[in-house]
């Protein structure tokens, strides 16, 4: 009976992988290799590469968020100076609004990546457990 449980778990796991990888490909149009790979037979090595790619994207998004934050800070300084001298702050307010929208968009991308990374960690753990059980 234990064997059947294992194989049922494994096919469920393969399905989860398949859905996860498809969602990543849809979100980020991941590289060609992954698109052409038989998604249900991803090896731990391929999974590591996928994790590394997602982590790299995550780092890049963090850098983008930091840059947006510093641009917003600078724009607020300009805004204060304009108000001090009684100039029209509208352009700077528009810029701050655009930067806020960009920031929100990048934050959303980070949240999506974090979900994908968490799911990969979860599924990798399950995969390793299943391999240990069958060994």
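The share of Cα pairs per 10 Å bin across segment 72-135, counted from zero up to the longest distance, runs 19, 24, 16, 14, 12, 9, 5, 1 percent.
With neighbour counts taken as other beta-carbon atoms within 10 Å, the residues 68, 47 rank, fewest first, as 47, 68. Between residue 69 and residue 84, the contour length at 0.36 nm per residue exceeds the alpha carbon distance by 3.1 nm.
The numbers here are math on the coordinates, done by the rules we state, and not lab data. All values reported here derive from a predicted model rather than from experimental measurement. For neighbour counting, all protein chains shown are included, and Cβ atoms are generated from backbone atoms with ideal geometry for every residue, glycine included.
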